[in-house]
Amino acid sequence: MKGKIFLGMVKEKILQHPLFDDPFVRTISSLEYFDIVRARRFAILYYPHILRTRLYQANALGITMDERIQFVLAQILHDEYGAGEIMNAHAEQYRNFLRALNVNLDCIEEFEIIPELDMYIHTMMRLTQTGHWLEAIAAVGIASEWPIPKLYKLFLNGLRNIPGIKDDDLELFIEHMDLDIEHSSQIEEALAPYLEDTKSQHRVERGIAVNLDSRRVFHAGLYREIFE
């Protein structure tokens, strides 16, 4: 099977993943009123996840030998850091969301990491530092990019119903719906030549599964902490 055909099938499979229908996503996407207490709890618990995404990408760049793929990951990191403009960096965009919710940022470095997110962090760090490079690229360049437009659209259904919240406060979520489509296309073009054999395709499938299945566990923790 040709690499691009395989990636097209992978994309369809990702969009059918149970991640999009887990209790956390179902609940947040159906909220007609997202009370401020729960909204703050979500924002605080999700921040350590947002803060580390770029670290996984940097790790994957470091173990990838192909310079074309390195370049794509470098471009993604360039976007993550706001092209050098700190106010446009994705972590800062998320901190604007926290500020809009009147979250005290004085202790931001000590924000709680729930056990399920701790598991996700360690899983992704291990994979992107010591795993096979194809699995690492699949985890950060496919599983962390391709699902986001659909996932964040579902998140926004609830986040837009937080009292007083504006779209400017949700810039990180809104911007990623288009940006991650662009990133996905770049990764697809650079990765396809390496996916002409079954063994390589299986490695990609494993990297995707590790990320998405671990993220579902993280979502289960968020559901418990916010909605139960």
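Identify, by number, the condition in (1) open to solvent by 10 Å² or more (accessible area, probe 1.4 Å); (2) closer than 27 Å to THR123 by Cβ; (3) aliphatic (A, V, I, L, M); (4) in contact with a Leu (Cβ under 8 Å, 6 or more places away or on another chain) that LEU105 doesn't meet.
Here LEU105 meets the rest and fails (2).
(1) under 18 Å from LEU55 (Cβ atoms); (2) open to solvent by 60 Å² or more (accessible area, probe 1.4 Å): which one isn't true of ILE148, the others all being true?
The single condition ILE148 does not satisfy is (2).
Which of the residues spanning the stretch 73-102 are open to solvent by 10 Å² or more (accessible area, probe 1.4 Å) and hydrophobic (A, V, I, L, M, F, W, C)?
Matches in the stretch 73-102: ALA74, LEU77, ALA83, ILE86, MET87, ALA100.
Name the residues in the stretch 161-187 that are of a type in the set (D, E, K, R) and modelled with pLDDT under 85, would you? Reasoning before the result, please.
At the first step, the residues of the stretch 161-187 found to be of a type in the set (D, E, K, R) are 166-169, 171, 175, 178, 180, 182.
Passing the criteria: ASP178, ASP180, GLU182.
Out of the residues in the stretch 204-225 meeting the condition of being among the hydrophobic types (A, V, I, L, M, F, W, C), open to solvent by 10 Å² or more (accessible area, probe 1.4 Å) and touching a helix residue (DSSP H, G or I) at 6+ places or on another chain (Cβ under 7 Å), tell me which one is nearest to MET125 (Cα to Cα).
Ranking the candidates gives VAL210 first.
In the stretch 171-203, how many are open to solvent by 60 Å² or more (accessible area, probe 1.4 Å) and either part of a helix (DSSP H, G or I) or in contact (Cβ under 8 Å) with a residue 24 or more places away in the chain (or both)? Steps first, answer last, please.
Kept after step one, since they are open to solvent by 60 Å² or more (accessible area, probe 1.4 Å), are these residues of the stretch 171-203: 171, 175, 178, 181-182, 185, 189, 193-194, 196-199, 202-203.
Filter once more, keeping what is either part of a helix (DSSP H, G or I) or in contact (Cβ under 8 Å) with a residue 24 or more places away in the chain (or both): 171, 175, 178, 181-182, 185, 189, 193-194, 196, 198-199, 202-203.
Counting residues in the stretch 171-203 that are open to solvent by 60 Å² or more (accessible area, probe 1.4 Å) and either part of a helix (DSSP H, G or I) or in contact (Cβ under 8 Å) with a residue 24 or more places away in the chain (or both) gives 14.
Of the conditions (1) within 17 Å of the chain's Cα centre (by Cα); (2) buried (at least 16 other Cβ atoms within 10 Å of the Cβ); (3) under 23 Å from VAL210 (Cα atoms), MET125 satisfies every one except a single condition; which number is it?
Of the numbered conditions (1) within 17 Å of the chain's Cα centre (by Cα); (2) buried (at least 16 other Cβ atoms within 10 Å of the Cβ); (3) under 23 Å from VAL210 (Cα atoms), the odd one out for MET125 is (2).
Just checking: which of the helices (runs of 4 or more DSSP H) contained wholly in the stretch 1-120 hold 3 or more residues that are aromatic (Phe, Trp, Tyr)? Before the answer, list the steps.
Values: elements: 3-14, 23-30, 36-63, 67-80, 90-100.
Passing ranges, in order: 36-63.
Does the stretch 150-174 hold any residues that are closer than 22 Å to ALA60 by Cβ and over 10 Å from the mean Cα position of the chain (by Cα), and which are they? Can you show your working first?
Pass one, the stretch 150-174, residues closer than 22 Å to ALA60 by Cβ: 151-152, 172.
Result: LEU172, single match.
The values are calculated or read from the model by the stated rules, or taken from the named source; none is laboratory data. Computed from a prediction, not measured in an experiment: that's the story for all the values here. Cβ sites come from the backbone with ideal geometry, for glycine too, and all protein chains shown count toward neighbours. The accessibility values were calculated without ligands, DNA or RNA, using every heavy atom of the protein model including side chains. Shrake-Rupley method; radii C 1.70, N 1.55, O 1.52, S 1.80 Å.
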